[in-house]
Amino acid sequence: TRATKMDEIKKMIIGVAIAGLIGYGPVANAGGSAELMAGQKDTTLDVKVASELAPKTNLFIRDTTTVGYDNQVDHFGLVDLSYNLVGGLDVVVETQFIPGVGVIPRLGSQYFKEVDDLSVYALATAGLNGKEVDAEVLVNLTYVPKLSENLNLVLNAENVTNLGKDGHNFSTQFLRTGLSNGTYEAGLGLNLAEADGEFSGNLGEYMKANF
């Protein structure tokens, strides 16, 4: 049946993600970033780690924890395994981890392009939870021009939009303006969210370390 096939696909994607996590441990060429954003409503720690597991095969892990000043804690995690098809185009197997929701396997593709100081990253996936399929699109634009030999201006905008059978489920935007020396970055940040007809924003300062 269709439900059985969806369950089999879900188990396969989760298994692939777990295998990637197990294989990630001894990989020495990992890189990533850790960003702390302190706003007027909450504080968010966003950690990203990326590594090449094999030729054309890459692993990406993202872990985001938000702590409100009312002590409410929200968490979101994901694991992406990607295989390069051609140029900047990859096929992606993604698994999202959300407390209270569970494990959500996804399939899709991503594209990355860099031209001079501008980079563009786009990821489109479909969720396979066995009940209904949702579509999610992430677009990240980064502009990093040099201000001096050791200082760069950083302009970054990230948008995530999720759509279901009834239309728009939610959207989030992360906007950053800061200065960077390549390893450390700091500046102003604005996090926006739209869901169920409601809009929220969180303005503050952020610090980021690249490793």
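The values are calculated or read from the model by the stated rules, or taken from the named source; none is laboratory data. These figures come from a predicted structure and were not determined experimentally. A quick note on method: Cβ atoms are made from the backbone with ideal geometry, for glycine too, and the neighbour counts reach across all protein chains shown. Keep in mind that these areas ignore ligands, DNA and RNA; they rest on the heavy atoms of the full protein, side chains included. Shrake-Rupley method; radii C 1.70, N 1.55, O 1.52, S 1.80 Å.
Structure values in brief
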item: Efficiency of FRET between residue 175 and residue 71 - r from beta-carbon atoms, R0 22 angstrom, step 0.05; result: 0.25
item: Centre separation in Å (Cα based) which lies between the range 38-64 and the range 111-169; result: 13
item: Residue 149 accessible area, assembled protein chains, probe 1.4 Å, Å²; result: 150
item: Within the accessible area of the chain (1.4 Å probe), percent carbon and sulfur; result: 62
item: Dipole magnitude (debye, nearest 20) for the chain, charges at Cβ of Lys, Arg, Asp, Glu; result: 580
item: The range 81-211: radius of gyration over Cα atoms, expressed as a fraction of 2.2 N^0.38 Å; result: 1.21
item: Ordering of 52-58, 200-206, 68-74 by burial proxy (mean other Cβ atoms within 10 Å per residue, highest first); result: 200-206, 52-58, 68-74
item: Gaussian network model of the chain, Cα within-10 Å springs - most flexible of 39, 178, 102; result: 102
item: Gain in span if fully extended, residue 188 to residue 85, counting 0.36 nm per residue against the direct Cα distance; result: 33.4 nm
item: Virtual spin-label span in nm between residue 159 and residue 101, 7 Å along Cα→Cβ; result: 2.0
item: On Cα atoms only, tilt of 2-24 relative to the major axis of the chain in degrees; result: 40
item: Potential lengthening between residue 50 and residue 151 on full extension [0.36 nm per residue; Cα-Cα distance subtracted]; result: 33.9 nm
